[in-house]
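The values are calculated or read from the model by the stated rules, or taken from the named source; none is laboratory data. Since this is a predicted model, take the numbers as computed values, not measurements. All Cβ positions, even for glycine, are placed from backbone atoms using ideal geometry, and neighbour counts span all protein chains on display. SASA here: full protein model, heavy atoms, side chains in, ligands and nucleic acids out. Shrake-Rupley method; radii C 1.70, N 1.55, O 1.52, S 1.80 Å.
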Amino acid sequence: MIIVISGTDSYRLQHTTEDVVASARQSRAIEVTTVDCATEQGREQLERIIKYPSFFQEPTLVIAHHAAHEDMAPTLKEHDLSSFGDIIFVAVQNTSRGTPYEKKVLNALIKKAERHELCDPMKESEQALWVSQYCLDRGSTIETPALRELLRRQGGSTRELALSLDTLTAYTRTGTITLNDVKLLTAPAIDVDEWELSNAIAAYDKRAIVSALWRRTSQGTPEQLLIGLLASGIRNALMIRDLRTRNTPTVSIATTTGIHPYVVTKSLRGAERADAEKLTRALHALSALDQASKDGRADAVDGMFTTVLAL
């Protein structure tokens with residue numbers, strides 16, 4: 001028997017797998033084995049289970065993570081996993097971008113599976129049903145206005161949604177989650193402009209840079225990432241200014257620096273106003289800050305604001 005669990009929602013992948021295991025254990029005593037098919041040891045372990053079944057024919061549930069890895073193709077060709085009556089194969093595959101897997105292998109598993117659970121991001125209507133059921137499973141209910149506000153605030157991540165629901169169901173004493181409960185215990189949605197800091201540096205607008213940096217630090221953006229963003233923007237401004245003072249055409253600036261032509265065009269006016277010496281000092285300061293903050297000799301946030309205010 002094969003059960004396939006695939007998709008990009010890591011939280012639901014994990015909990016759907018746990019539900020399958022719990023369901024199997026309710027009906028009978030069963031041995032649970034976990035293998036990672038992306039490793040050599042995992043493939044060997046899976047082959048061992050297939051070739052050498054339990055002597056007493058005890059039922060076994062095999063949770064195979066990275067089940068659609070390219071190295072699984074030969075195993076699927078050599079063995080019909082669905083024909084082992086005493087073994088349940090739970091093939092788990094995260095299909096998020098960047099996760100290595102073969103679509104052909106995944107499709108082959110789905111084709112042979114008796115059951116396929118797809119854990120992709122849910123639509124709003126599906127999220128509403130999921131939240132209602134999550135509350136019911138914990139002996140609670142949620143009012144419609146509270147449900148809408150919760151999805152507006154934290155509807156992007158199932159994991160964050162579940163954590164908030166755990167807090168809300170534990171907090172409410174009446175068993176019903178209200179709008180006031182949601183407003184009290186969950187953070188409001190924050191619209192993040194990913195390009196605000198880069199645009200402020202490109203315009204060489206000190207006030208805008210300080211404001212953008214403050215917002216990003218307040219939102220909890222990793223400090224090392226912000227140091228990198230500042231250094232990258234200042235470096236671009238320095239290169240564009242240098243080539244502009246030599247009357248280099250915009251197209252040639254983009255070709256020489258490797259910066260996208262749109263970014264070059266957007267940065268020209270700010271680069272012309274920029275002070276080359278201040279930009280150079282700022283770049284050196286950020287380099288020193290990066291190392292000092294990692295060594296614990298400097299506060300990264302204070303150092304970034306000091307550098308920006310000196311531009």
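Closer than 28 Å to THR16 by Cα and open to solvent by less than 40 Å² (accessible area, probe 1.4 Å): is that true of LEU150 in this structure?
yes
Taking the range 2-37 on its own, how many of its residues are among the polar types (S, T, N, Q) and touching a strand residue (DSSP E or B) at 6+ places or on another chain (Cβ under 8 Å)?
Total meeting the criteria: 7.
Quick one: which helices (runs of 4 or more DSSP H) sit completely within the range 208-311 and have at least 2 residues that are open to solvent by less than 60 Å² (accessible area, probe 1.4 Å), within 21 Å of ASP193 (Cβ to Cβ) and touching an Asp or Glu at 6+ places or on another chain (Cβ under 9 Å)? Step through it out loud before you land on a result.
On the way: elements: 223-245, 250-257, 261-273, 276-294, 300-309.
Once the helices (runs of 4 or more DSSP H) in the range 208-311 are filtered for at least 2 residues that are open to solvent by less than 60 Å² (accessible area, probe 1.4 Å), within 21 Å of ASP193 (Cβ to Cβ) and touching an Asp or Glu at 6+ places or on another chain (Cβ under 9 Å), what remains is 223-245, 300-309.
Select the helices (runs of 4 or more DSSP H) contained entirely in the range 1-80, then report the ones holding at least 1 residues which are among the hydroxyl-bearing types (Ser, Thr, Tyr) and within 20 Å of ILE110 (Cβ to Cβ). Step through it out loud before you land on a result.
Working: elements: 10-27, 40-51, 73-78.
It comes to 10-27, 73-78.
Can you give me the number of residues within the range 81-113 that are assigned to a loop (DSSP other than H, G, I, E, B) and farther than 14 Å from TYR11 by Cβ? If you could, list the steps in order and put the result at the bottom.
The first filter runs over the range 81-113 and keeps only residues assigned to a loop (DSSP other than H, G, I, E, B), leaving 84-86, 95-102, 113.
With farther than 14 Å from TYR11 by Cβ added as a condition, the list becomes 84-86, 95, 97-102, 113.
Residues in the range 81-113 being assigned to a loop (DSSP other than H, G, I, E, B) and farther than 14 Å from TYR11 by Cβ: 11 in total.
Collect the residues in the range 210-234 that are over 18 Å from THR280 (Cβ atoms) and β-branched (Val, Ile, Thr), keeping them in residue-number order.
Result: VAL210, THR217, THR221.
Of the residues that make up the range 54-64, is at least one closer than 17 Å to ILE5 by Cα and either of a type outside the set (Val, Ile, Thr) or open to solvent by 30 Å² or more (accessible area, probe 1.4 Å) (or both)?
Initially, the range 54-64 is screened for residues closer than 17 Å to ILE5 by Cα, giving 61-64.
Add one more test, that the residue is either of a type outside the set (Val, Ile, Thr) or open to solvent by 30 Å² or more (accessible area, probe 1.4 Å) (or both), and what stays is 61, 64.
Yes: the range 54-64 contains one or more residues that are closer than 17 Å to ILE5 by Cα and either of a type outside the set (Val, Ile, Thr) or open to solvent by 30 Å² or more (accessible area, probe 1.4 Å) (or both).
Quick one: count up the residues across the range 36-84 that are touching a residue at least 40 places away in the same chain (Cβ under 8 Å) and either of a type in the set (S, T, N, Q) or out of contact with any helix residue (DSSP H, G or I) (no Cβ under 8 Å at 6 or more places or on another chain) (or both). Before you say what the answer is, go through the steps one by one.
Initially, the range 36-84 is screened for residues touching a residue at least 40 places away in the same chain (Cβ under 8 Å), giving 38, 61, 63, 67-68, 81-82, 84.
This time we only want the ones that are either of a type in the set (S, T, N, Q) or out of contact with any helix residue (DSSP H, G or I) (no Cβ under 8 Å at 6 or more places or on another chain) (or both), so: 82.
Result for the range 36-84: 1.
Out of all the residues in the range 73-91, is one or more under 23 Å from GLY7 (Cβ atoms), out of contact with any strand residue (DSSP E or B) (no Cβ under 6 Å at 6 or more places or on another chain) and among the hydrophobic types (A, V, I, L, M, F, W, C)? So that I can check it myself, show each step before the final result.
First, the residues of the range 73-91 that are under 23 Å from GLY7 (Cβ atoms): 73, 75-76, 81-82, 88-91.
This time we only want the ones that are out of contact with any strand residue (DSSP E or B) (no Cβ under 6 Å at 6 or more places or on another chain), so: 73, 75-76.
Of the ones still in play, those that are also among the hydrophobic types (A, V, I, L, M, F, W, C) are 73, 76.
For the range 73-91, residues under 23 Å from GLY7 (Cβ atoms), out of contact with any strand residue (DSSP E or B) (no Cβ under 6 Å at 6 or more places or on another chain) and among the hydrophobic types (A, V, I, L, M, F, W, C): present.
Would you mind stating whether ARG173 is modelled with pLDDT under 90, outside any loop (DSSP other than H, G, I, E, B) and open to solvent by 40 Å² or more (accessible area, probe 1.4 Å)?
On the way: modelled with pLDDT under 90: yes; outside any loop (DSSP other than H, G, I, E, B): no; open to solvent by 40 Å² or more (accessible area, probe 1.4 Å): yes.
No: the conditions fail for ARG173.
I'm checking my understanding of the structure. Among residues of the range 1-35 that are in contact (Cβ under 8 Å) with a residue 60 or more places away in the chain and small (Gly, Ala, Ser), which one is nearest to THR75 (Cα to Cα)?
The selected residue is SER6.
Looking at the range 156-168, which of the residues that are in contact with a helix residue (DSSP H, G or I) (Cβ under 6 Å, 6 or more places away or on another chain) and in contact (Cβ under 8 Å) with a residue 24 or more places away in the chain is surrounded by the fewest Cβ atoms within 10 Å (Cβ to Cβ)? Walk me through how you get there before you give the answer.
Looking only at the range 156-168, we keep the residues that are in contact with a helix residue (DSSP H, G or I) (Cβ under 6 Å, 6 or more places away or on another chain), and these are 158-161, 164-165, 167-168.
Okay, now just the ones that are also in contact (Cβ under 8 Å) with a residue 24 or more places away in the chain, so 158-159, 161, 165, 168.
On the way: THR158: 22, ARG159: 14, LEU161: 22, LEU165: 22, LEU168: 22.
Per the stated criteria, the residue is ARG159.
Can you name the number of the only condition in (1) open to solvent by less than 80 Å² (accessible area, probe 1.4 Å); (2) of a type in the set (A, V, I, L, M, F, W, C); (3) under 30 Å from THR176 (Cα atoms) that VAL92 fails?
Tallying (1) open to solvent by less than 80 Å² (accessible area, probe 1.4 Å); (2) of a type in the set (A, V, I, L, M, F, W, C); (3) under 30 Å from THR176 (Cα atoms), VAL92 fails exactly one: (3).
Quick test of your reading of the structure: HIS116 fulfils all but one of (1) touching a residue at least 60 places away in the same chain (Cβ under 8 Å); (2) closer than 30 Å to HIS79 by Cβ; (3) in a helix (DSSP H, G or I). Name the failing condition by number.
(3)
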